[in-house]
Amino acid sequence: MSSSSATEVPSFDVAKGWTLSPEVAIRPEKFGALAYHYGNRRLVFLKSPELVTLVEALSKFPSVTEALHANLAPERHASYARALARLADSEVLVAR
Amino acid sequence: MPADLSLRDRFKQGLDAPICLTWELTYACNLACIHCLSSSGRRDPRELTTAEAKRIIDEMVEMQIFYVNIGGGEPMVRTDFFELLDYASSQNVGVKFSTNGTRITAENAKYLAGLGYLDIQISLDGADRATNDAIRGEGSYDAALQAMEHLKNANFGEFKISVVITRQNAGQLDDFRALADRFGAQLRLTRLRPSGRGVDTWEELHPTAQQQRDLYGWLVNHPDTLTGDSFFHLNALGDPIDGLNLCGAGRVVCLIDPIGDVYACPFVIHDEFLAGNVRAPGGFAKVWKTSELFQELREPNSAGACASCGSYDACQGGCMAAKFFTGLPLDGPDPECVLGHGETALKAQPVQLLRRPSGDHSKPIPVALVAN
């Protein structure tokens, strides 16, 4: 279910705009959501409702940094930026 | 971020829809494997019609079940098999189907290769003809390899070779691996359960304690091997094998059988684990969300006899089905507990308490009439 992804890690630039991949479907769950990528057939867990809200809001902001500021308290920005980077790594997020 | 452990705890409380839904399309099968988890052979006259099957696929779309594991019986013997495959595909429901390969031809392999959203698992239980055919029946090895040739020639891509680990094939892991490499396939190893006809054969087929330890070591060294999350009972031996590492029965896993009955998992086709039927009002979604059995399975369970064992967090007490069909209490050790607690518990049983599966679709054994 969680295969490794050592190859082709996209660089995750928080100054740029990112969005949910058009190949990904999100299924809300109590803990957060499941994200399924129809292309690479990987199932990824979004482990908190805040992360789901953030992911869904990304496309409305010109950069990740601005999306973080609008959605979360400053002390949580670093950990959520890391979570987003992992989602970019799994191709759940794509650069705009 | 909550840690992974808390995610596992969330999974134990159940999800809004399953992650791993197995759907057995028919009890009909042209083979008679001695360990068949669903005692398949004869078609059941009550099996779902094409329209009812399509309704299940519609429900998967509504519930956002992204993919389904189709099996049987032999699913390809259903005359509407390709129609259902097309229907799922058109609704963006991914299909992974398990087959013995006998119905894969050069022609339909090309067709299957053209369907975008499809995985195929060819079952094989021996790396050589003798080992495989002793379990799956004469000719089944050649048929499976023929199917693999067809898929390879059709450029299907990476299909899966699915092996149930037994005492007889546990020493052939490297050979299975070589076979998979030869076909550009992925190797999938799963655990034998004492389910279906396996109730009668588990005793002689299940791997020895030493074989289990060797298997664990092999899996750790070959992390790209698929396991269907079925070996989490081995995690008491060391670092966990990749996977969810919990019994997902009724929580993230369930089975829809050919007549629409919903069971907690594919390995417990027994009245005690029957949650409902998809033909009832509310369909599958209602069974998944509200059945009493599934609500119960999502309650916190006690570690029971395993509470004092330091490895409980690693192995979670093992497989519910394996315990149930060997007559062990569900809150005790797995019969194949790697620390030996299961073996002790089995020996302590006053009589062997083998439970029988509720249904049996095995073909009748031909009786030779002797004239006297």
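The values are calculated or read from the model by the stated rules, or taken from the named source; none is laboratory data. Given the structure is predicted, the values throughout are model-derived calculations rather than measurements. For neighbour counting, all protein chains shown are included, and Cβ atoms are generated from backbone atoms with ideal geometry for every residue, glycine included.
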Filtering the range B:168-184 for residues that are among the aromatic types (Phe, Trp, Tyr) and under 21 Å from the mean Cα position of the chain (by Cα) leaves a count of 1
Scanning the range A:38-70 for residues that are within 12 Å of the chain's Cα centre (by Cα) and in a strand (DSSP E or B), which turns out nearest to the other protein chains (Cβ to nearest Cβ)? A:45
When the residues of the range B:23-54 are filtered to those that are closer than 13 Å to residue B:71 by Cβ and among the small types (Gly, Ala, Ser), which remaining residue is surrounded by the fewest Cβ atoms within 10 Å (Cβ to Cβ)? B:28
As an exercise: evaluate residue B:340 against (1) loosely packed, with under 12 Cβ neighbours inside 10 Å; (2) touching a helix residue (DSSP H, G or I) at 6+ places or on another chain (Cβ under 9 Å); (3) at pLDDT below 95 and give the number of the one condition it does not meet. (3)
For residue B:168, only one of the following conditions fails: (1) touching a residue at least 40 places away in the same chain (Cβ under 8 Å); (2) assigned to a helix (DSSP H, G or I); (3) of a type outside the set (A, V, I, L, M); (4) farther than 24 Å from residue B:25 by Cα. What is its number? (2)
Residues located in the range B:106-136, provided they are in a helix (DSSP H, G or I) and among the polar types (S, T, N, Q): B:108, B:131, B:132
Unmet requirement for residue B:209, which otherwise passes all of (1) surrounded by fewer than 18 Cβ atoms within 10 Å (Cβ to Cβ); (2) hydrophobic (A, V, I, L, M, F, W, C); (3) free of Cβ contacts under 8 Å to residues at least 60 places away in the same chain: (3)
Quick one: residue B:108 ticks every box in (1) crowded, with 21+ Cβ neighbours inside 10 Å; (2) closer than 25 Å to residue B:163 by Cα except a single one, so which number is it? (1)
Of the candidates A:73, A:81, the one satisfying the condition of being of a type in the set (A, V, I, L, M) and surrounded by 15 or more Cβ atoms within 10 Å (Cβ to Cβ) is A:81
Restricting to the range B:88-124, count the residues that are out of contact with any Ser or Thr (no Cβ under 9 Å at 6 or more places or on another chain) and not aliphatic (A, V, I, L, M). 15
Working carefully through the options B:189, B:115, B:145, B:205, find the one that is farther than 28 Å from residue B:359 by Cβ and modelled with pLDDT of 95 or more. B:145
Quick one: residue B:58 ticks every box in (1) modelled with pLDDT under 95; (2) more than 14 Å from chain A (Cβ to nearest Cβ) bar one, so which box is it? (1)
For the range B:31-80, name all the residues that are under 23 Å from residue B:92 (Cβ atoms), touching an Asp or Glu at 6+ places or on another chain (Cβ under 9 Å) and either part of a helix (DSSP H, G or I) or among the aliphatic types (A, V, I, L, M) (or both). B:50, B:53, B:54, B:63, B:65, B:70, B:75
Pairs only if they're at least six apart or on different chains, beta carbon under 8 angstrom, first in the range B:232-259 and away from every other protein chain (no Cβ under 14 Å), second assigned to a strand (DSSP E or B) and among the polar types (S, T, N, Q); list them, first residue then second. B:254/B:22; B:255/B:22; B:256/B:22; B:259/B:277
So, in the range A:25-47, how many residues would count as being in contact with a helix residue (DSSP H, G or I) (Cβ under 9 Å, 6 or more places away or on another chain), surrounded by 17 or more Cβ atoms within 10 Å (Cβ to Cβ) and of a type outside the set (Asp, Glu)? 10
What do you reckon, is residue A:75 within 14 Å of chain B (Cβ to nearest Cβ), closer than 27 Å to residue B:8 by Cβ and of a type in the set (Asp, Glu)? yes
Could you identify the single residue in B:240, B:258 that is assigned to a loop (DSSP other than H, G, I, E, B) and either closer than 25 Å to residue B:29 by Cβ or at pLDDT 95 or above (or both)? B:258
Residues B:28, B:3: which one is at pLDDT 95 or above and among the aliphatic types (A, V, I, L, M)? B:28
Go through the range B:296-339 and report how many residues are outside any loop (DSSP other than H, G, I, E, B), free of Cβ contacts under 8 Å to residues at least 60 places away in the same chain and closer than 29 Å to residue B:260 by Cα. 3
Positions within the range B:1-14 being under 20 Å from the mean Cα position of the chain (by Cα) and either surrounded by fewer than 19 Cβ atoms within 10 Å (Cβ to Cβ) or assigned to a helix (DSSP H, G or I) (or both), in sequence order: B:11, B:12
